[in-house]
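Here's the structure, in structure tokens; my notes come after.
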Amino acid sequence: MSRIGKNPVVIPAGVTVEVADNIITVKGKLGQLTQQYFDVTVTVEGDQVQVDRSSDHKDQRAKHGLYRSLINNMIIGVSEGFTKSLELIGVGYRASNQGQKLDLALGYSHNIVLEVAAEVKLETIAEKGKNPIIKLTSFDKQLLGQVAAKIRGFRKPEPYKGKGVKFVGEILRRKAGKSA
């Protein structure tokens, strides 16, 4: 039995969960998310969501904990939301935004302009003497991670000086330079 899958998901106040035709819909103060599911049964009992499987088949065992985690992330997302922060490390690396357009100067011959999805709230923080920070907030954890990974992919941190775009709190593996 999946240890994660057998735990019920508690529904906080202000969040509604509906299950119909293998689609679960979660509505809250921050937005609405839907997820299709297969090979498991999802039941809403009072203020809890329970995910069960009918057999110990490999596919059902694999999806049991997965769907429970996805439902939990949906409920947390529409009630509290998720935040990711990225830090730009390097001389001349800058970030600014006009609405949902993110303008990045990452040492290339041109600036990178990225149109961020409407579900993701974008904020850039540039303080004197500190590295610029891009703060992303959304109720959709999957979309938030995808946008953050795309921004990080423009200039991944290199292992010698640590220059590039990294997550705040990310520990980079550093290498020693050439020995003379």
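The values are calculated or read from the model by the stated rules, or taken from the named source; none is laboratory data. Everything numeric in this text was worked out from a predicted model, so none of it was measured. Heads up, the Cβs are rebuilt from the backbone with ideal geometry, glycines too, and the neighbour counts pull from every protein chain shown. For the accessible areas, the whole protein counts, side chains as well, though only heavy atoms, and no ligand, DNA or RNA atoms are used. Shrake-Rupley method; radii C 1.70, N 1.55, O 1.52, S 1.80 Å.
Those strands (runs of 3 or more DSSP E) of the range 73-180 in which 2 or more residues are touching a residue at least 60 places away in the same chain (Cβ under 8 Å) occupy 82-89, 164-167.
Restricting attention to the range 129-152 and to residues that are within 16 Å of V116 (Cβ to Cβ) and out of contact with any strand residue (DSSP E or B) (no Cβ under 8 Å at 6 or more places or on another chain), the residue that is least open to solvent (accessible area, probe 1.4 Å) turns out to be L143. Within the span defined as the range 160-175, every residue fails to be surrounded by fewer than 16 Cβ atoms within 10 Å (Cβ to Cβ), within 30 Å of F38 (Cα to Cα) and of a type in the set (D, E).
When you scan the range 1-57, how many residues do you find that are among the hydroxyl-bearing types (S, T, Y) and either in contact with a Phe, Trp or Tyr (Cβ under 7 Å, 6 or more places away or on another chain) or closer than 12 Å to V78 by Cβ (or both)?
Total meeting the criteria: 4.
Entry remark, the range 33-53: residues being exposed (fewer than 13 other Cβ atoms within 10 Å of the Cβ) and within 22 Å of the chain's Cα centre (by Cα) number 2 in total.
Can you name the residue in the range 85-105 that is more than 11 Å from I133 (Cβ to Cβ) and surrounded by 19 or more Cβ atoms within 10 Å (Cβ to Cβ) and, of all such residues, is nearest to the chain's Cα centre (by Cα)? Among those that are more than 11 Å from I133 (Cβ to Cβ) and surrounded by 19 or more Cβ atoms within 10 Å (Cβ to Cβ), it is L102. Please determine whether any residue of the range 3-23 is within 28 Å of F167 (Cβ to Cβ), within 18 Å of the chain's Cα centre (by Cα) and either open to solvent by 20 Å² or more (accessible area, probe 1.4 Å) or among the aromatic types (F, W, Y) (or both). No, every residue in the range 3-23 fails to be within 28 Å of F167 (Cβ to Cβ), within 18 Å of the chain's Cα centre (by Cα) and either open to solvent by 20 Å² or more (accessible area, probe 1.4 Å) or among the aromatic types (F, W, Y) (or both).
With open to solvent by 50 Å² or more (accessible area, probe 1.4 Å), small (G, A, S) and either under 22 Å from Q35 (Cα atoms) or in contact with a Cys (Cβ under 6 Å, 6 or more places away or on another chain) (or both) as the only criterion, which of A126, A118 stands out?
On the way: A126 fails: either under 22 Å from Q35 (Cα atoms) or in contact with a Cys (Cβ under 6 Å, 6 or more places away or on another chain) (or both).
The conditions single out A118.
Within the range 54-65, being under 20 Å from the mean Cα position of the chain (by Cα) and loosely packed, with under 11 Cβ neighbours inside 10 Å holds for no residue. Looking across V51, V15, one residue alone is under 28 Å from V120 (Cα atoms) and touching a residue at least 40 places away in the same chain (Cβ under 8 Å). It is V15.
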